[in-house]
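Only one structure is covered here, and it is reproduced in the block below.
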Amino acid sequence: MALDQNSSTNIDQKPIVIVGTGLGGYSLAREFRKLDKDSRVLVITADDGHSYSKPMLSNGFAKGKSADDLSMADPGKMVEQLNIEVRTFTTVTGIDPEGKCLWIGEESLAYEKLVLAWGADVIHLDLKGNAASRVRSVNDLMDYRNIRKELEGKSKVAILGAGLIGCEFANDLIQGGYQVEVIAPSEGVLPTLLPDAAADAVRKGLELEGISFRLGRYATEVNASGDGDAIELVLDNGDRVEADMVLSAVGLRPRIALAEQAGLSCDKGIITNRALETSAPDIYALGDCAEVDGYVLLYVLPLMACARALAKTLSGERTEVAYGVMPVIVKTPACPVAVCPPPVGIEGEWLVEQEGDLDVKALFRNSKGDLLGFAVTGSKVPEKQALAKELAPVHH
Ligand SMILES: Cc1cc2nc3c(=O)[nH]c(=O)nc-3n(C[C@H](O)[C@H](O)[C@H](O)COP(=O)(O)OP(=O)(O)OC[C@H]3O[C@@H](n4cnc5c(N)ncnc54)[C@H](O)[C@@H]3O)c2cc1C
């Protein structure tokens, strides 16, 4: 569907094409319009083009929010607000960097500049069993709409994965009135993000809410159980877990396939420098699909900083992104967490202060005593601002 009736830009001009209407694509369009009111901007998306804040998807049940409640603007409103064109339910299928055009099936579309903001795919587990296709995941507003509908009248959810998204959904669903069991191969929750003491605090907080965990275990099979909609998971040790829905939250992988096919340099994500330039002229990447100066950062704050920098570049002032300190806030009200992990591979050690089960302050310092990272939980979370200020400038 094409929406451009309100666009007052010159239709003969080749557009700046942004692929993706997530926080990356729409934030860039918004930032760009602050600097350039007239150049033609075409935003293309495979989904329905609603503007929404993805972090709200993992606290929507607790707040009783439907998918419609979470939509901040439909594509028509975005066209109006930003004087852009939007094409919804339109999947880009190829890029031709030399011809400066992209492909939508058989249709070729020329661009002046191209921005890839097409996000990351959920990782699908290779599960056996006759109900493996009923495993769900939530990575956009349409997924959220579907699981809310599917969960009507149901009572128990099994979550695969105890990372940030798995823990947030566990907390959200239990607050929404569901029983929740989390199954994950790691020995603790949030394994790559938190030191052990902080992770234990989060697990205890979630357990106190009534969530049960099977850690150090993974699912191998998913089968229909009984006559109704119930599902039975088989775990690696032969244990069985009954649930009405299985929600997989085992991670995301930047979408790189089309970029690779077009010859763009990719590693974990689409490789860009700090000006968000890919290896091909006039093609940029930002958000979950991008690997900016060696980092894939699947969070909102880096994406917003990238959108502001890229908007300047697209309007004629080449600008490199500068991040500052960006603590990650985990939305687990059962035990709130703020964490700024130390840079990968840097030397130092965690020093932990703990009061009670849920209140942890863990500081990562090097041998000179410089603060290089921190994790705070429970009542220690308000200290995050002061700690962020103290962080040594090794953070990019
Ligand atoms: C449940 C959940 C909770 C989160 N909570 C937080 C949080 O609390 N704090 C935080 O910082 N981060 C959080 N994140 C991460 C954060 O939301 C993401 O990093 C961010 O929203 C990614 O935005 P994006 O625009 O890069 O990608 P997306 O929002 O995924 O957008 C990708 C867009 O590209 C389109 N697209 C894909 N392929 C094509 C194609 N071939 N052709 C056309 N269009 C295409 C899609 O339709 C979509 O419009 C959370 C993520 C999830 C899943």
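List every residue pair whose Cβ atoms sit under 8 Å apart, with the two residues 6 or more apart in sequence or on different chains, where the first one lies in the range 218-231 and is more than 15 Å from residue 133 (Cβ to Cβ) and the second, anywhere, is surrounded by fewer than 18 Cβ atoms within 10 Å (Cβ to Cβ) and small (Gly, Ala, Ser).
230/224
If residue 34 satisfies every condition in (1) open to solvent by less than 30 Å² (accessible area, probe 1.4 Å); (2) closer than 19 Å to residue 308 by Cα but one, which is the exception?
Condition (1) is where residue 34 drops out.
State the number of residues belonging to the range 352-366 that are surrounded by fewer than 13 Cβ atoms within 10 Å (Cβ to Cβ) and either on the phi > 0 side of the Ramachandran plot or at pLDDT 95 or above (or both). Outline the logic, then answer.
Let us first name the residues in the range 352-366 that are surrounded by fewer than 13 Cβ atoms within 10 Å (Cβ to Cβ), namely 353, 355-356.
Checking which are either on the phi > 0 side of the Ramachandran plot or at pLDDT 95 or above (or both) leaves us with 353, 356.
Within the range 352-366, residues that are surrounded by fewer than 13 Cβ atoms within 10 Å (Cβ to Cβ) and either on the phi > 0 side of the Ramachandran plot or at pLDDT 95 or above (or both) number 2.
Would you call residue 170 closer than 25 Å to residue 362 by Cα, more than 15 Å from the ligand (Cβ to nearest atom) and either modelled with pLDDT under 95 or part of a helix (DSSP H, G or I) (or both)?
No, not satisfied.
Identify the residue in the range 302-328 that is open to solvent by 20 Å² or more (accessible area, probe 1.4 Å) and modelled with pLDDT under 95 and, among all such residues, is farthest from the ligand (Cβ to nearest atom).
This residue is 322.
Do we have any residue at all in the range 67-88 that's assigned by TED's automatic domain parsing to the domain that holds residue 284, at pLDDT 95 or above, near the ligand (Cβ under 10 Å from one of its atoms) and assigned to a loop (DSSP other than H, G, I, E, B)?
Taking every residue of the range 67-88 in turn, at least one turns out to be assigned by TED's automatic domain parsing to the domain that holds residue 284, at pLDDT 95 or above, near the ligand (Cβ under 10 Å from one of its atoms) and assigned to a loop (DSSP other than H, G, I, E, B).
With (1) part of a strand (DSSP E or B); (2) under 16 Å from the mean Cα position of the chain (by Cα) as the list, and residue 271 as the residue in question, which single condition is left unmet?
The number of the failed condition is (2).
Filter the range 114-145 down to the residues that are open to solvent by 40 Å² or more (accessible area, probe 1.4 Å) and away from the ligand (no atom under 16 Å from the Cβ), then identify the one that is nearest to residue 279 (Cα to Cα).
125
When you check residue 53 against the structure, is it surrounded by fewer than 18 Cβ atoms within 10 Å (Cβ to Cβ), modelled with pLDDT of 95 or more and within 8 Å of the ligand (Cβ to nearest atom), yes or no?
yes
The rows are residues; the columns are (1) more than 15 Å from the chain's Cα centre (by Cα); (2) open to solvent by 10 Å² or more (accessible area, probe 1.4 Å); (3) not hydroxyl-bearing (Ser, Thr, Tyr).
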residue	(1), (2), (3)
219	yes, yes, yes
225	yes, yes, no
239	yes, yes, yes
243	yes, no, yes
248	no, yes, no
257	yes, yes, yes
289	no, no, yes
300	no, yes, yes
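Listed here are the residues, each with its yes/no results for (1) in contact with a Phe, Trp or Tyr (Cβ under 8 Å, 6 or more places away or on another chain); (2) β-branched (Val, Ile, Thr); (3) at pLDDT below 95; (4) not assigned by TED's automatic domain parsing to the domain that holds residue 16.
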position: 206; (1), (2), (3), (4): yes, no, no, yes
position: 215; (1), (2), (3), (4): no, no, no, yes
position: 221; (1), (2), (3), (4): no, no, no, yes
position: 236; (1), (2), (3), (4): yes, no, no, yes
position: 259; (1), (2), (3), (4): no, no, no, no
position: 274; (1), (2), (3), (4): no, no, no, no
position: 280; (1), (2), (3), (4): no, no, no, no
position: 283; (1), (2), (3), (4): no, yes, no, no
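Has the range 175-187 got at least one residue that is at pLDDT 95 or above, outside the structural domain of residue 26 (by TED's automatic domain parsing) and part of a helix (DSSP H, G or I)?
The answer is yes, given that some residue of the range 175-187 is at pLDDT 95 or above, outside the structural domain of residue 26 (by TED's automatic domain parsing) and part of a helix (DSSP H, G or I).
Collect the residues in the range 90-102 that are surrounded by fewer than 17 Cβ atoms within 10 Å (Cβ to Cβ) and within 12 Å of the ligand (Cβ to nearest atom), keeping them in residue-number order.
Matches in the range 90-102: 91, 93, 94.
The values are calculated or read from the model by the stated rules, or taken from the named source; none is laboratory data. Keep in mind it's a predicted model, so treat the numbers as computed, not measured. Cβ: placed from backbone, ideal geometry, glycine included. Neighbour counts: every protein chain shown. All accessible areas refer to the heavy atoms of the entire protein, side chains included, with ligands and DNA or RNA removed. Shrake-Rupley method; radii C 1.70, N 1.55, O 1.52, S 1.80 Å.
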